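Visitor: Got a structure here, written out as structure tokens. Questions coming.
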Amino acid sequence: MKFSTKPSSMKSGIRFNWNRFKSKLLVTYTLSYILIFLVPLSCVTFIIYHNATANLRSQIEQSNVNQLSQVRLSIDNQMNNLLETANTISFDEHLTKFMVSDPYNSRDAVASLARYKTSNTMLEELFLYYRGDDRIYSSLGMTDLDLVFGDMFRFESWKPEEIKQALNETKAPTVRPAEYVTVNSRQESKLAVLFPIRTNDPYPYGTLLYLVKEEQLTGVMDSILNDFSGSSYILSGTGDVLTANYRGDSLRGHDLTSLIELEPGIHNMELGGERYSVVTVKSKTNDWTYATAIPSYQFFEQVGQIRTIILLVFVITALVGIAAATLLARRQYHPIRDLLEFASLQDGVKEKSKNRNEWDWIKQTIRDYHARIDMQEPFVRNQYLMLLFKHGKPDDPEIGRMIVQSGLELPEQACCFAIILSLDEQSRDEQSWEDQQALRGWLSQLELPELKARIYGVEFSVSHQLALMVTLLPSQEEDMASRVGLVVDELDEQLGQRLSRRPNLGIGTVYDDLSGLNQSFLEAASALEQRRLMLSERVAYFDKGAETSEALSGESYWLPKKSLLKLEQSLKQGNEAAALQLISGMMEKLKGEKLSVGLLRCQCFDVLNSLLRTAAELGMDEVRGEISSLHAFETLEGLENRLSSLASRICSEATHQTETAQPTLMDEIVDYVSQNYADYTLSLEHIALKYDTSTSYLSRSFKEKTGLNFTQYIWQCRLNEVTRQLLHTSAPLKEIIERVGYLDAPNFIRKFKKETGYTPGQYRKLHSASGPVPDEE
């Protein structure tokens, strides 16, 4: 039966509906790669940003420390200048109590005070007071003490009485916190600095009072904050705030006094419910504390530009990375897509369920394939076992690897031999088909652990014969013949327990390598053939039969009977390589013997007679006309060439007859399947039972005959018939599917679309000559 394959069907067969998958696995891959890229990128970006802000903050804070130290140094220098001025005044002869009170010299004293005032730009006014006096002297002249601090310089909180007391009692340099002082109806914030005269004298006689504008100090401190919103403070050793410069919120109460307790350096602390960066330095000259308090958010405003640059680089890198991750995910997904396309084209592969991703579907497909392989493993082993029986172990590395994977390779120091099991017609009639199948299954792999033997069996023809490969594992038993006898006896005994009539057995010679298994197989067949001709015992050993023949033949210079038997058997099986090898071996033996011409020709005639006898059995009548030419040989080389040519012709004829004899049965089976494919109960087991053969042999032979396995062949028959009825009838689709023996209509529609690229209804509309027909789906 021929099957036509349309180009449109082949092209549509490779189509795959990716929309059903919705690429969940591709989305997972893409998201995974994006996360793998973005997580480290985000961490690195955060670290870079954190380090950048920390470094910038550290630089700003260190800059504040340096500037604050410069302010401290500048103010300390000015305070030292005030101290030096006080020391100079205390030793100035123009400014003694006598000179300033003397009407004649008081003018020079006032001029000296004016010079001291102008020489120090920090001073707003300078007053000289002698204790116990009601007058005070300045650059403006001599004035009453009450008038000066009651009318001319009125302090906001420092009362005149307190001022007079301080002037009379100050024994060490003292600085009062800045406060507002009213001068000529104008208020200005000033600091009052008092130095006793003399400064180091335990009993000073006077006091020098400096008035310093607060802006003189805050102006220097303005350079600290720059563009930051914050506050700067100068605190005395007792914790009093001498002066402060505010930009933004100021500190109050405990928060302010806590600054005096801080060690010099940089501090991050919470003040007033807000985080501040506090920088403090201390003066060793006067024990003052210089402090700045800057809100932490100010630092983040400074890193805004850096943050923008980092964010821009991050976004660009992330976009490029996402694009690369998407491309990489698609490239990684390609092999999976190819695997899905491959699997979707195979028969019996179910479409992917919507609740599973591609990996789950692939794993299920692999399990299905694995189960299918497990089912087909015995068939694969049988194929290679037949290869070993017919041709021995080839030199092809790939076939050698498959032999190893099939478990047929001999272990180290093991050996093997062949047994042919033949059931007579009466035994077959007494057995049911199920019993025959059970026997074949049992002999397909049989272990004899007590004898350290392993048996693999295969049915090699339709004549109900089984070829058995017996592997003898390493053993301490040295007598190989006794081991073979024990294995054969054990096998025969077990066969007797399973069968009502024991089968005939032909046993070949033991070989140390698989390459000799085909020789052992020929020997087993020869032994079985010799048993049939001589009507000897059921169990026939090739070695024993050959020895008997040789003993009957007498002299050792005759060709071994076993070689002639093997030659005939190889010719009957069409094994040309083995036949040519045997002929060459016998010719070489004859060349090595020193025989008379007459005896030599007799032995050559033995070989020739074996070939002629086999040709006659195969019905090659044309060979009779060549006998005279075959007898007329001059040299052994010439005879060998003629015998080899004849052997090749005989093997070709034997092969041809085997191929034509077996296809007669297979043609009948194929015709039966082609006529009954619409029977939904049709199965391989049903056919095997009907034609009295094994399922394994039927499956192998059916595929060799049609090129398709049994299931594929029936599907193709049904597909062709459905296609024909779609084009030439108007019957409903469901009815057509049932007609061809397919009960699962949705599954048939799915497979039909996979095969043709269209649903049956679409196919009918596109190809029907009678025009569109309503879709019955």
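Visitor: Tell me, which strands (runs of 3 or more DSSP E) wholly within the range 166-246 include 1 or more residues that are in contact (Cβ under 8 Å) with a residue 24 or more places away in the chain, among the aliphatic types (A, V, I, L, M) and in contact with a Ser or Thr (Cβ under 6 Å, 6 or more places away or on another chain)?
Guide: Working: elements: 174-183, 186-197, 206-213, 231-235, 241-246.
Because the criterion is at least 1 residues that are in contact (Cβ under 8 Å) with a residue 24 or more places away in the chain, among the aliphatic types (A, V, I, L, M) and in contact with a Ser or Thr (Cβ under 6 Å, 6 or more places away or on another chain), the strands (runs of 3 or more DSSP E) in the range 166-246 that meet it are 174-183, 186-197, 231-235, 241-246.
Visitor: So for the range 151-158 (the condition being charged (D, E, K, R), assigned to a strand (DSSP E or B), touching a Pro at 6+ places or on another chain (Cβ under 9 Å) and on the phi < 0 side of the Ramachandran plot), does at least one residue qualify? Give the steps one after another, and end with the answer.
Guide: Filtering the range 151-158 down to residues charged (D, E, K, R) leaves 151, 154, 156.
Among the residues that remain, those that are also assigned to a strand (DSSP E or B) are: 154.
Remaining after also requiring touching a Pro at 6+ places or on another chain (Cβ under 9 Å): 154.
Filter once more, so that each one left must be on the phi < 0 side of the Ramachandran plot: 154.
Among the residues of the range 151-158, at least one is charged (D, E, K, R), assigned to a strand (DSSP E or B), touching a Pro at 6+ places or on another chain (Cβ under 9 Å) and on the phi < 0 side of the Ramachandran plot, which makes the answer yes.
Visitor: Further question: Could you please find all residues in the range 638-652 being within 14 Å of ARG613 (Cα to Cα) and either touching a residue at least 60 places away in the same chain (Cβ under 8 Å) or in contact with a Lys or Arg (Cβ under 9 Å, 6 or more places away or on another chain) (or both)?
Guide: Passing the criteria: LEU643, ALA647, ILE650, CYS651.
Visitor: Any chance the range 592-600 includes a residue that's within 19 Å of LEU646 (Cα to Cα), of a type outside the set (Gly, Ala, Ser), assigned to a helix (DSSP H, G or I) and modelled with pLDDT under 85?
Guide: Residues of the range 592-600 that are within 19 Å of LEU646 (Cα to Cα), as a first pass: none.
Among the residues of the range 592-600, not one is within 19 Å of LEU646 (Cα to Cα), of a type outside the set (Gly, Ala, Ser), assigned to a helix (DSSP H, G or I) and modelled with pLDDT under 85, which makes the answer no.
Visitor: Output the number of residues of the range 168-197 satisfying the condition of being surrounded by 16 or more Cβ atoms within 10 Å (Cβ to Cβ) and in contact with a Pro (Cβ under 6 Å, 6 or more places away or on another chain).
Guide: Result for the range 168-197: 4.
Visitor: Next question, about the same structure. Just wondering, is there one or more residues in the range 262-272 that are touching a residue at least 24 places away in the same chain (Cβ under 8 Å), open to solvent by less than 50 Å² (accessible area, probe 1.4 Å) and at positive phi?
Guide: Within the range 262-272, the subset touching a residue at least 24 places away in the same chain (Cβ under 8 Å) is 262, 265-266, 268.
Those left that are additionally open to solvent by less than 50 Å² (accessible area, probe 1.4 Å): 262, 265.
If we keep only those that are at positive phi as well, we get 265.
Within the range 262-272, one or more residues are touching a residue at least 24 places away in the same chain (Cβ under 8 Å), open to solvent by less than 50 Å² (accessible area, probe 1.4 Å) and at positive phi.
Visitor: So, one more: Going through LEU443, LEU439, LEU408, LEU466 one at a time, which residue ends up being open to solvent by less than 20 Å² (accessible area, probe 1.4 Å), modelled with pLDDT under 90 and assigned to a loop (DSSP other than H, G, I, E, B)?
Guide: LEU408 is the lone residue from the list that is open to solvent by less than 20 Å² (accessible area, probe 1.4 Å), modelled with pLDDT under 90 and assigned to a loop (DSSP other than H, G, I, E, B).
Visitor: Tell me, please, whether a residue that is polar (S, T, N, Q) and touching an Asp or Glu at 6+ places or on another chain (Cβ under 8 Å) can be found in the range 405-416. Let's see the steps before the verdict.
Guide: Filtering the range 405-416 for residues polar (S, T, N, Q) gives 405-406, 413.
Those left that are additionally touching an Asp or Glu at 6+ places or on another chain (Cβ under 8 Å): 406.
Looking through the range 405-416, at least one residue is polar (S, T, N, Q) and touching an Asp or Glu at 6+ places or on another chain (Cβ under 8 Å).
Visitor: While we're here: Can you say whether SER526 is touching a residue at least 40 places away in the same chain (Cβ under 8 Å), touching a strand residue (DSSP E or B) at 6+ places or on another chain (Cβ under 8 Å) and surrounded by 21 or more Cβ atoms within 10 Å (Cβ to Cβ), as far as the supplied structure shows?
Guide: Details: touching a residue at least 40 places away in the same chain (Cβ under 8 Å): yes; touching a strand residue (DSSP E or B) at 6+ places or on another chain (Cβ under 8 Å): yes; surrounded by 21 or more Cβ atoms within 10 Å (Cβ to Cβ): yes.
So SER526 passes the test.
Visitor: Only one residue in THR693, THR664, THR711 is part of a loop (DSSP other than H, G, I, E, B), within 26 Å of ASP435 (Cα to Cα) and not aliphatic (A, V, I, L, M), so which one is that? Spell out the reasoning first.
Guide: Working: THR664 fails: part of a loop (DSSP other than H, G, I, E, B); THR711 fails: part of a loop (DSSP other than H, G, I, E, B).
Going through THR693, THR664, THR711 in turn, just one is part of a loop (DSSP other than H, G, I, E, B), within 26 Å of ASP435 (Cα to Cα) and not aliphatic (A, V, I, L, M): THR693.
Visitor: Here's something else I'd like to know. Among the residues of the range 617-644, which ones are in a helix (DSSP H, G or I), at pLDDT below 85, closer than 18 Å to GLY574 by Cα and of a type in the set (A, V, I, L, M)?
Guide: Result: VAL623, single match.
Visitor: Taking GLY219 as the residue in question, decide whether it is touching a Gly at 6+ places or on another chain (Cβ under 8 Å), small (Gly, Ala, Ser) and either open to solvent by less than 70 Å² (accessible area, probe 1.4 Å) or more than 21 Å from ALA86 (Cβ to Cβ) (or both). Before the answer, list the steps.
Guide: Working: touching a Gly at 6+ places or on another chain (Cβ under 8 Å): no; small (Gly, Ala, Ser): yes; either open to solvent by less than 70 Å² (accessible area, probe 1.4 Å) or more than 21 Å from ALA86 (Cβ to Cβ) (or both): yes.
Criteria not met by GLY219.
Visitor: Go through (1) open to solvent by 70 Å² or more (accessible area, probe 1.4 Å); (2) at pLDDT below 80 one by one and return the number of the condition THR285 breaks.
Guide: (2)
For (1) touching a Pro at 6+ places or on another chain (Cβ under 9 Å); (2) at pLDDT below 85; (3) open to solvent by less than 80 Å² (accessible area, probe 1.4 Å); (4) not in a helix (DSSP H, G or I), each residue gets a yes or a no:
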residue	(1), (2), (3), (4)
LEU682	no, yes, yes, yes
GLN716	no, no, yes, no
GLN725	no, no, yes, no
ILE736	yes, no, yes, no
PRO746	no, yes, no, no
GLY761	yes, no, yes, no
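Visitor: Can you tell me which residue in the range 411-436 is surrounded by the most Cβ atoms within 10 Å (Cβ to Cβ), limited to those that are touching a residue at least 60 places away in the same chain (Cβ under 8 Å) and of a type in the set (Gly, Ala, Ser)?
Guide: Only one residue tops the list, namely ALA418.
Visitor: Report, by residue number, each residue of the range 57-97 that is closer than 22 Å to VAL281 by Cβ, open to solvent by 40 Å² or more (accessible area, probe 1.4 Å) and either touching a Cys at 6+ places or on another chain (Cβ under 7 Å) or of a type in the set (A, V, I, L, M, F, W, C) (or both).
Guide: Result: LEU73, LEU83.
Visitor: Could you say which residue among ALA540, ALA546, ALA577 is touching a Gly at 6+ places or on another chain (Cβ under 8 Å) and either modelled with pLDDT of 80 or more or under 30 Å from THR655 (Cβ atoms) (or both)?
Guide: Values: ALA546 fails: touching a Gly at 6+ places or on another chain (Cβ under 8 Å); ALA577 fails: touching a Gly at 6+ places or on another chain (Cβ under 8 Å).
The conditions single out ALA540.
Visitor: Separate question: If you check PHE379 against the conditions, is it in contact with a strand residue (DSSP E or B) (Cβ under 6 Å, 6 or more places away or on another chain) and at pLDDT below 80? Walk me through it before giving the result.
Guide: Details: in contact with a strand residue (DSSP E or B) (Cβ under 6 Å, 6 or more places away or on another chain): no; at pLDDT below 80: yes.
No; evaluated as a whole, the condition is false for this residue.
Visitor: Does the range 391-403 include one or more residues that are in a helix (DSSP H, G or I) and open to solvent by less than 20 Å² (accessible area, probe 1.4 Å)? Lay out the reasoning, then the answer.
Guide: Kept after step one, since they are in a helix (DSSP H, G or I), are these residues of the range 391-403: 391, 397-403.
Within this subset, residues satisfying the condition of being open to solvent by less than 20 Å² (accessible area, probe 1.4 Å) are 400, 403.
Yes, some residue in the range 391-403 is in a helix (DSSP H, G or I) and open to solvent by less than 20 Å² (accessible area, probe 1.4 Å).
Visitor: Another question about this same structure. If you take just the helices (runs of 4 or more DSSP H) that sit entirely in the range 14-118, which of them hold at least 3 residues that are without any contact (Cβ under 8 Å) to a residue 60 or more places away in the chain, within 30 Å of ARG198 (Cα to Cα) and of a type outside the set (Lys, Arg)? Write out each step before concluding.
Guide: Numbers: elements: 18-21, 24-90, 97-101, 106-118.
Filter on the range 14-118 gives 24-90, 97-101, 106-118.
Visitor: Quick check on SER185: is it in contact with a Phe, Trp or Tyr (Cβ under 7 Å, 6 or more places away or on another chain) and among the small types (Gly, Ala, Ser)? Please lay out each step first, then the result.
Guide: Details: in contact with a Phe, Trp or Tyr (Cβ under 7 Å, 6 or more places away or on another chain): no; among the small types (Gly, Ala, Ser): yes.
Criteria not met by SER185.
Visitor: Can you tell me which residue in the range 472-511 is farthest from the chain's Cα centre (by Cα), limited to those that are loosely packed, with under 13 Cβ neighbours inside 10 Å and in a loop (DSSP other than H, G, I, E, B)?
Guide: As a first pass, look at the range 472-511 and keep what is loosely packed, with under 13 Cβ neighbours inside 10 Å: 474, 476-479, 481-482, 489, 493, 496-497, 500.
Checking the rest, the ones that are also in a loop (DSSP other than H, G, I, E, B) come to 474, 476-479, 500.
Numbers: PRO474: 44, GLN476: 50, GLU477: 53, GLU478: 54, ASP479: 56, SER500: 60 Å.
Ranking the qualifying residues of the range 472-511, first place goes to SER500.
The values are calculated or read from the model by the stated rules, or taken from the named source; none is laboratory data. In this text, all values refer to a predicted model and were calculated from it rather than measured experimentally. So basically every Cβ, Gly included, is an ideal-geometry build from the backbone, and we count neighbours across all protein chains shown. Heavy atoms of the whole protein, side chains included, go into the accessibility calculation; ligands, DNA and RNA do not. Shrake-Rupley method; radii C 1.70, N 1.55, O 1.52, S 1.80 Å.
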